[in-house]
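Working notes for the structure below.
What follows draws every value from the coordinates through simple rules; no lab data is involved. These figures come from a predicted structure and were not determined experimentally. All Cβ positions, even for glycine, are placed from backbone atoms using ideal geometry, and neighbour counts span all protein chains on display.
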Amino acid sequence: MRIVTFRRVGIAVALFTVIGILLPTMGYSELAKLAGVKVPTGIRFEAYVFGPLVLVLPVSPQSIVLVSCLVVGVASAIYVFTRAKFHYFEAMREELMQLISSVAAMVRTRVPLIDALEEASGIVGEPLRSAVLEFTSLVRLGEDPHVAMRKVFGKAPPEVRLLASSFVIAMQSGGRVPEVLSEANRYVQQLQRMDFIRRYRLAEQRLIALMAVLAFAASGAVIVWLIEYVAPKLASLPGAASINIPFVTSSYFVSALFMDIMASLVVSRIMTGTFYLAPKYVALTVPLIALMFLALMMGLIHIF
């Protein structure tokens, strides 16, 4: 299966153009007018030097929108491809579980393993059908089963490679093909039950991880609001007048974005064993983080 196609490239480019470029530049003022909110315009970044470290942070509402839209646009464009890859491997995994059951039943009726694989490939869909036929063709041509398996399933996730390797083990089991495939079939049944339990139990942990990021962003917004509220009342104290509220706001915003990306990667890895769903989580949560800080910077809760 080709993941990079002209259609997906076109969709990815369109998403990035609309979300990452047009929305923060051309649609920013129009959306504010529709919402009835008077907002300052202008993209402004400032550099802050801390010894050898230089931080360039967004310090205006439109800059916050620009950074958020760029992150969401990039994540959405990447997700066009990772989503296809994820569904490709998930379909192969599900079909492979069905294939093992069917082949095990055929082998018990004295059908040769290679013939059983070719016959059973007709009852499974793509992408597994083509992969199985390629594997059996290589074996019939004299290729070592281990080498053939690596060529066909080498780039698949570990779980798919583990299931596919059961056929190689059966071929080299010395006549104990039915026993090997029966054990593989029992493993598949246990795997299906455990997979449902794992995803059900981890769904709560996924929510906790993402809510923790949003809680950090909300706490940052509250701290900035408190600083802005208290600083004028402490103007007579040493150092109070030097508090840089735009820097504090931008620092919390950038930190929340970084934490959100890291949390999305971890959640995707835990839930699916891959990072393919991380762009989806980023695209869904970054707008919420941006709205919290825009509420501060646009004066909705009286900041600046």
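With label points built 7 Å along Cα→Cβ from the Cα atoms of residue 115 and residue 85, find their separation and express it in nm.
In this crude spin-label approximation the distance works out to 4.1 nm.
Taking 7 Å along the Cα-to-C-beta vector as the label spot, tell me the residue 7-residue 223 distance in nanometres, rounded to one decimal.
Each label point lies 7 Å from its Cα, and together they span 4.7 nm.
If the chain between residue 144 and residue 265 were fully stretched, how many nm would it gain, using 0.36 nm times the residue separation less the Cα-Cα distance? If you can, show how the numbers build up before the last one.
Numbers: separation 121, 0.36 × 121 = 43.56 nm, distance 3.71 nm.
Gain on stretching residue 144 to residue 265: 39.9 nm.
Tell me, what is the FRET efficiency for residue 46 and residue 17 to the nearest 0.05, using R0 = 45 angstrom and their Cβ-Cβ distance as r?
Plugging the Cβ-Cβ distance into 1/(1 + (r/R0)^6) gives 0.95.
What is the order of 183, 126, fewest Cβ neighbours within 10 Å to most?
By the 10 Å Cβ count, ascending, the order reads 126, 183.
What are the residues whose amide H is under 5 Å from the amide H of residue 46, where those residues sit 5 or more places off or on another chain and H is modelled from the backbone?
Answer set, sorted by chain and number: 57, 59.
Suppose each label sits 7 Å from its Cα in the direction of the beta carbon; what would the residue 129-residue 255 distance come out to in nanometres?
My value for the distance between the label points is 5.5 nm.
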